[in-house]
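Here's the structure, in structure tokens; my notes come after.
Here, each number is a calculation from the coordinates, and none is a lab measurement. All figures in this text were calculated on a predicted structure; none of them were measured in a lab. With ideal geometry, Cβ positions are generated from the backbone for all residues, glycine too; neighbour counts draw on all protein chains shown.
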Amino acid sequence: MKIKRFEDLECWQEARVLTQTIYTYVKSPHFAKDFRLSGQTTGASISIMNNICEGFDSRSNNEFIRFLTYSRRSCSEVQNCLYIAVDEEYITEEDFQNTYKHCEKVRKMIDGLIKYLKKN
């Protein structure tokens, strides 16, 4: 399959699902009232998607890799915010574990794309 648009990238598709999950969490009453954490968490998840998109349009493998590295870092930021959310009981331990693992999945997909771009 030829990738013609950023929407064709599996890592972007998974990042989109992750962002939908984060938005579901921050809509809960207690989480929603924590403006700083909810904004930081949604911002980081949005950043994953945005940087994949921006890098794709850079038309340079080196630039794409740079933006993918930003996306990768944002995965870690979401994971850090998840710790706070579970500590404050905004999300369950199960939600924490599942979403933390989802972040790891997205990061691995980004890493795979970075490796591919470095070879070509």
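General observations
- Highest-first packing order for the peptide set 71-81, 14-24, 33-43 is 71-81, 14-24, 33-43, based on the mean count of other beta carbon atoms within 10 Å.
- 16 Å cut-off, amide nitrogen to a point 7 angstrom out along Asp95 Cα→Cβ, residues in region 10-29: 18-29
- Sites Gln40 and Arg66 - FRET efficiency at Förster radius 25 Å, r taken between beta-carbons, to 0.05: 0.65
- Residue-by-residue Karplus 3J(HN,Hα) for region 5-17, coefficients 6.51, -1.76, 1.60, Hz, glycine and proline x: 9, 4, 5, 7, 6, 4, 5, 5, 4, 5, 5, 5, 4
- Spatially close Lys pairs in the chain, defined by Cα atoms under 24 Å apart and a spacing of eight or more places or different chains, total 18.
- Among [x] 12, 42, 27, 13, 5, 1, 0; [y] 15, 46, 26, 12, 2; [z] 13, 47, 33, 7, 0, the entry derived from the coordinates for P(r) over Cα pairs in 10 Å bins from 0, in percent: [y]
- Computed from phi, the 3J(HN,Hα) profile of region 97-103 under the Karplus parametrisation 6.51, -1.76, 1.60 (θ = phi - 60°) reads 4, 4, 6, 4, 5, 5, 4 Hz, with x in place of Gly and Pro.
- 3J(HN,Hα) couplings calculated from phi for region 61-69 with the Karplus curve 6.51 cos²θ - 1.76 cosθ + 1.60 (θ = phi - 60°) are, in sequence order, 4, 5, 5, 4, 4, 4, 5, 5, 5 Hz; Gly and Pro show x.
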